[in-house]
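These notes concern the structure reproduced below.
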Amino acid sequence: MASFNAAGAGAANPNPNKSLEVNPAPGDSVSSLSFSPKANHLIATSWDNQVRCWEVQPGGQCQAKASISHDQPVLCSAWKDDGTTVFSGGCDKVVKMWPLLSGGQATAFSGHEAPVKELAWIPQMSLLVSGSWDKTLRYWDIRQPNPAHVQQLPERCYALSLSYPLMAVGTADRNVVIFNLQNPQAEFKRIVSPLKFQTRCIAAFPDQQGFLVGSIEGRVGVHHVDDSNQSKNFTFKCHREGTDIFSVNSLNFHPVHHTFATAGSDGGFNFWDKDSKQRLKAFSKCPSPITCSTFNQDGSIFAYASSTDNIQTVVAKRSEFITCDDTGLYVFYPNCNKFVNGKTVKALINWKYDTFNFKKQWSLVWQVCYDWSKGAEKHNPSTAKTNIFLHSVQESDVKGKPRTGKK
């Protein structure tokens, strides 16, 4: 595919890598991006309750094709392997099936008792799996209204990835629950995350031998399922600037070279080779967090989304009470007698945890796109800006390289 990166850049340019911008962009932060496995059709789900589809043409032009809506913010998406159907789920606790190519109406699957955080289609089983904050996985035969099986999890589902027969599920208690989908009704193994803080994203190895896990502390774990490969496990730091630490929000394996991308709340994305333990390419940072990313089916396009809507910064000092639980960070100001983020934001895991600034005063800087606890009436669409970018991937940037120099 010919390069379609856009021209032009500026000091405060939201597009420092000169990527192609997808228009029209969603009206609120993007929660997931998914490419069709059969064509360059891109799906984006977002906090404005919408699921949108664009067709990316060979020259890089994007054409908006269609959209559907949920009753509440949409958190996740997946494609059927034949590229005909899109699945979406979100805060309305519903999974929707959208026969996009046929132009049919979306139908809903109900049953989850809390928001649906993750979705994946399993071609080998012709089943859809959904992961929810109700501490369950549900397997759906899409010809039937009720789930074929409900699998209990130890805690809320925060991340899910599969490479058949391996499926890795990250839960709120920092466990990674491994399933062998040849026997999906039983846990294969439960692994405590090698990372010390909240899990944000997971990616199963293409060779089914293990998984990547990313967390809010700016670190990625490379972990193998078989104990005999324990010596190959390691973690590494990323998405950090000195003492400032940013969340890793997205992990994606390249479909051809099996190297991988990370994207984070520092506004940056990088390509890595886990086998040689090196970074292949670091890209210029956007001025706002990257919330999600994905490769297309042949790895020639890397799509990523960033948001610059009404950034709010909260700074807490040691004299203030700081807590961190499974859904996020809470800063209590004794003088104000209130939580800064408020009850509404507490329920929304996908807000950006931008900076942990562990300096001498033990300060913490936290940025979010918009503080919805102030009420929707104070959200200003005229100043909000969400971007979806398409980066033309060069083979030299993603092809694995032998490690050089000292270890």
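The values are calculated or read from the model by the stated rules, or taken from the named source; none is laboratory data. Everything quoted here is computed from the prediction, not taken from an experiment. A quick note on method: Cβ atoms are made from the backbone with ideal geometry, for glycine too, and the neighbour counts reach across all protein chains shown.
Do we find that Ala172 is more than 17 Å from the chain's Cα centre (by Cα), assigned by TED's automatic domain parsing to the domain that holds Arg200 and crowded, with 17+ Cβ neighbours inside 10 Å in this structure? So Ala172 fails the test.
Considering region 13-45, the residues that are touching a Pro at 6+ places or on another chain (Cβ under 7 Å) and farther than 22 Å from Gln297 by Cα include one that is modelled with the highest pLDDT, namely Gly27. Name the residue, out of Ser250, Ser293, Ser288, Ser215, that is under 21 Å from the mean Cα position of the chain (by Cα), at pLDDT below 95, in the same structural domain as Gly83 (by TED's automatic domain parsing) and small (Gly, Ala, Ser). Selected residue: Ser288, the only one of Ser250, Ser293, Ser288, Ser215 that is under 21 Å from the mean Cα position of the chain (by Cα), at pLDDT below 95, in the same structural domain as Gly83 (by TED's automatic domain parsing) and small (Gly, Ala, Ser). When region 112-144 is filtered for residues that are in a loop (DSSP other than H, G, I, E, B) and either modelled with pLDDT under 95 or in contact with a Ser or Thr (Cβ under 7 Å, 6 or more places away or on another chain) (or both), the ones remaining, listed by number, are His112, Ala114, Pro115.
Would you be able to tell me the number of residues in region 45-67 that are hydrophobic (A, V, I, L, M, F, W, C) and closer than 16 Å to Ala106 by Cβ? Walk me through how you get there before you give the answer.
If we filter region 45-67 for residues that are hydrophobic (A, V, I, L, M, F, W, C), which is where we start, we get 47, 51, 53-54, 56, 62, 64, 66.
Restricting the remaining residues to those that are closer than 16 Å to Ala106 by Cβ gives 51, 53, 66.
Matching residues across region 45-67 total 3.
Filtering region 211-236 to residues that are without any contact (Cβ under 8 Å) to a residue 40 or more places away in the chain, closer than 22 Å to Lys117 by Cα and in contact with a Lys or Arg (Cβ under 8 Å, 6 or more places away or on another chain) leaves Ser215, Arg219.
Taken as a whole, the condition of being in contact with a Cys (Cβ under 7 Å, 6 or more places away or on another chain), of a type outside the set (A, V, I, L, M, F, W, C) and assigned to a strand (DSSP E or B) does not apply to Gly170.
Only one of the listed residues (Ser126, Ser130) is at positive phi and not basic (Lys, Arg). That residue is Ser126. Is it true that some residue in region 239-246 is assigned to a strand (DSSP E or B) and crowded, with 21+ Cβ neighbours inside 10 Å? Yes: region 239-246 contains one or more residues that are assigned to a strand (DSSP E or B) and crowded, with 21+ Cβ neighbours inside 10 Å.
In a residue-by-residue description of region 195-203, the property of being hydrophobic (A, V, I, L, M, F, W, C) and not in a strand (DSSP E or B) applies to at least one position.
Selection of strands (runs of 3 or more DSSP E) fully inside region 262-306 by the criterion of at least 3 residues being touching a Phe, Trp or Tyr at 6+ places or on another chain (Cβ under 8 Å) and buried (at least 19 other Cβ atoms within 10 Å of the Cβ) returns 269-273, 290-295.
Any residue at all in region 114-132 that's among the charged types (D, E, K, R) and surrounded by fewer than 18 Cβ atoms within 10 Å (Cβ to Cβ)?
Keep residues of region 114-132 that are among the charged types (D, E, K, R), which gives 117-118.
Of the ones still in play, those that are also surrounded by fewer than 18 Cβ atoms within 10 Å (Cβ to Cβ) are none.
No: region 114-132 contains no residue that is among the charged types (D, E, K, R) and surrounded by fewer than 18 Cβ atoms within 10 Å (Cβ to Cβ).
Given the options Gly83, Gly104, Gly111, name the one that is in the same structural domain as Phe253 (by TED's automatic domain parsing), over 19 Å from the mean Cα position of the chain (by Cα) and without any contact (Cβ under 8 Å) to a residue 12 or more places away in the chain. Outline the logic, then answer.
Working: Gly83 fails: without any contact (Cβ under 8 Å) to a residue 12 or more places away in the chain; Gly111 fails: without any contact (Cβ under 8 Å) to a residue 12 or more places away in the chain.
Unique residue meeting the criteria: Gly104.
Taken over region 167-220, the residue count meeting the criterion of being under 21 Å from Ala261 (Cβ atoms) and of a type in the set (S, T, N, Q) is 6.
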